[in-house]
Amino acid sequence: MFETKITRADMLRCALCHNAPCSAACPSLDPARLLRSIWFDNEKSAAARLSAVDCCGDCSAPCEAACVRPHEVPIRALLNRLREEVLPELEISLPGDEKLLRTELCGVPLENPFLLSSSVVASTYDMCARAFEAGWAGACFKTICSFDIHEASPRFSAITGDNGAIIGFKNIEQLSDHSVAENMEIFRRLKQNYPMKFILASIMGQNDEEWEGLARECEQNGADAIELNFSCPNMADGGLGSDIGQVPELVERFTAAARRGTKLPILAKLTPNVASMLPAGEAARRGGADGIAAINTIKSITGVNPHTYVSAPAVHGMSAVGGYSGNAVKPIALRFLAELGQVPSLAGMHLSGMGGVENWSDALDFILLGAGSIQVTTAVMQYGYRIIDDLKAGLNFYLAEKGFRSVKEAVGLALETVSDTTDVLERDTVIFPHFLRERCIGCGRCVVSCADGGHQAISLNDQRKPMLNGKKCVGCHLCVLVCPQRAIRSSRKRILKTRIG
């Protein structure tokens with residue numbers, strides 16, 4: 001089975017530049033595009049694009065000299081590894097088209113499953129137009145309302161990883177600050193100039209009449225579907241946003257109001273700030289919704305300044321609970337999506353999944369757990385609309401490799417393997433770790449973690465290579481997760497518990 005050969009850890013110093021100097025310096029390749037593919041877990045299609053091109057070989061690497069961090073990113077070595085390590089293991093060539101990605105949302109065709117989610121990334125005509133030109137199938141426009149919106153500054157904060165990349169993202173952003181009339185003009189222009197792109201109109205009303213009226217106006221001005229924002233954590237005063245999503249009766253009432261205003265498909269965007277989404281989801285169906293969008297951001301505080309004692313983002317000495325997004329929330333989003341996808345009372349409803357999607361494999365996780373479309377914001381805010389290249393290419397390559405005839409065939413395939421209780425799990429065998437000694441550098445991280453966070457089953461021998469004590473190992477696989485060299489795998493060997501200890 002193919003194993004990922006090259007990962008972000010191999011190129012942490014790469015800045016993923018705009019108009020990258022490395023590509024300008026290379027006479028035959030686009031190194032920046034290939035490096036982005038590695039970053040976004042799309043090394044297979046990157047290697048396939050190299051199949052007919054002589055790779056770097058003994059080139060003097062002008063790309064590395066031109067890098068904004070000169071000679072700090074091993075560009076030549078990375079591209080050679082794509083050709084020498086990844087390419088030989090590919091089972092198919094690069095797909096010649098993107099037909100496998102074609103799908104639909106409540107009967108409306110989509111050229112691929114990827115949409116911008118309702119946020120700043122889809123808040124003007126120019127932004128949506130550039131996204132459409134880049135290859136996004138559509139956009140859920142930033143929530144339209146009749147409120148007087150005045151944003152705070154600053155309004156973002158983040159938790160970052162070792163290389164500065166955003167892991168978790170907090171915002172205190174509100175809704176569209178354009179008037180309803182201005183937003184309707186944007187819809188008309190987008191539909192006129194991009195008739196095949198999907199416009200999902202996010203709306204929020206203050207009463208039944210506003211929900212009904214906004215839905216009607218969006219349909220009249222070119223929207224293809226309506227998304228009801230029952231989940232914004234930053235619009236909770238006065239019974240708005242997530243305050244609605246936490247009360248099934250209000251979800252049903254306002255969904256029914258919007259249904260009176262439009263014949264378009266309606267998605268209810270639900271809040272994750274609940275123990276279960278099922279009551280709200282079932283209420284949305286009773287009110288006339290055709291689908292559910294999940295998840296919106298999670299109420300959060302990302303940190304406190306140790307000198308001012310104000311949490312981030314600080315606005316003139318004060319802050320507020322805000323919405324948390326980014327790759328950190330993906331496990332929570334997947335849990336809610338699986339819950340929605342498994343319940344019979346919601347069968348047949350379209351699920352539009354979001355929450356932490358950065359690369360195609362993130363998107364695939366949502367699809368396998370029931371999502372028929374994917375929405376993205378935080379990754380676009382960090383990396384730009386250009387991520388659509390690898391979202392599409394990576395998913396397209398996977399579908400072709402697995403023999404799927406359409407992305408729709410993959411929707412929900414993992415649902416039957418998910419249980420809401422661990423009681424169903426087999427507990428009679430132990431799967432030991434397997435050490436790849438040729439890859440091991442003898443750092444001993446596995447020893448430390450097993451000793452202090454596991455079962456004291458690993459030691460180093462005189463050559464600083466790990467040794468396993470099978471009588472102590474319980475097969476938890478903590479060591480697999482902490483190894484910085486990816487030199488530990490799950491063994492294929494299953495050991496009956498009665499044979500150990």
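The values are calculated or read from the model by the stated rules, or taken from the named source; none is laboratory data. Computed from a predicted structure; not experimentally measured. All Cβ positions, even for glycine, are placed from backbone atoms using ideal geometry, and neighbour counts span all protein chains on display.
Annotations for the structure displayed:
- Some residue of the range 69-80 being touching a strand residue (DSSP E or B) at 6+ places or on another chain (Cβ under 6 Å), assigned to a loop (DSSP other than H, G, I, E, B) and surrounded by 14 or more Cβ atoms within 10 Å (Cβ to Cβ): no
- Of the candidates I266, I244, I292, I298, the single residue that is within 22 Å of I149 (Cα to Cα), in contact with a strand residue (DSSP E or B) (Cβ under 6 Å, 6 or more places away or on another chain) and of a type in the set (A, V, I, L, M) is I298.
- Residue in the range 31-47 that is among the acidic types (D, E), at pLDDT below 90 and either outside the structural domain of I387 (by TED's automatic domain parsing) or assigned to a loop (DSSP other than H, G, I, E, B) (or both) present: no
- Among (1) in a strand (DSSP E or B); (2) over 19 Å from the mean Cα position of the chain (by Cα), the one test that M127 misses: (1)
- Considering residues of the range 367-387 that are among the small types (G, A, S) and assigned to a loop (DSSP other than H, G, I, E, B) only, the residue surrounded by the fewest Cβ atoms within 10 Å (Cβ to Cβ): G384
- Residue within the range 177-194 that is assigned by TED's automatic domain parsing to the domain that holds A410, under 27 Å from Y398 (Cα atoms), touching a strand residue (DSSP E or B) at 6+ places or on another chain (Cβ under 7 Å) and in contact (Cβ under 8 Å) with a residue 60 or more places away in the chain present: no
- Residue list for the range 2-44, restricted to those being at positive phi and hydrophobic (A, V, I, L, M, F, W, C): L16
- Test: residue in the range 415-424 that is at pLDDT below 95 and hydrophobic (A, V, I, L, M, F, W, C): yes
- Among the residues of the range 121-142, those that are surrounded by fewer than 18 Cβ atoms within 10 Å (Cβ to Cβ) and among the hydrophobic types (A, V, I, L, M, F, W, C) comprise A129, A134.
- Search result, residues across the range 178-232 that are out of contact with any Lys or Arg (no Cβ under 6 Å at 6 or more places or on another chain), assigned to a strand (DSSP E or B) and polar (S, T, N, Q): S202
- Filter pass, E227 being modelled with pLDDT of 95 or more and either more than 20 Å from L200 (Cβ to Cβ) or hydroxyl-bearing (S, T, Y) (or both): no
- Within the range 72-89, not a single residue is in contact with a Pro (Cβ under 6 Å, 6 or more places away or on another chain) and either under 16 Å from N396 (Cα atoms) or of a type in the set (D, E) (or both).
- Residue in the range 388-430 that is nearest to T103 (Cα to Cα), counting only those that are polar (S, T, N, Q) and not in a loop (DSSP other than H, G, I, E, B): N396
- Considering the range 455-501, the residues that are hydrophobic (A, V, I, L, M, F, W, C), surrounded by fewer than 14 Cβ atoms within 10 Å (Cβ to Cβ) and assigned to a strand (DSSP E or B) include one that is modelled with the lowest pLDDT, namely L496.
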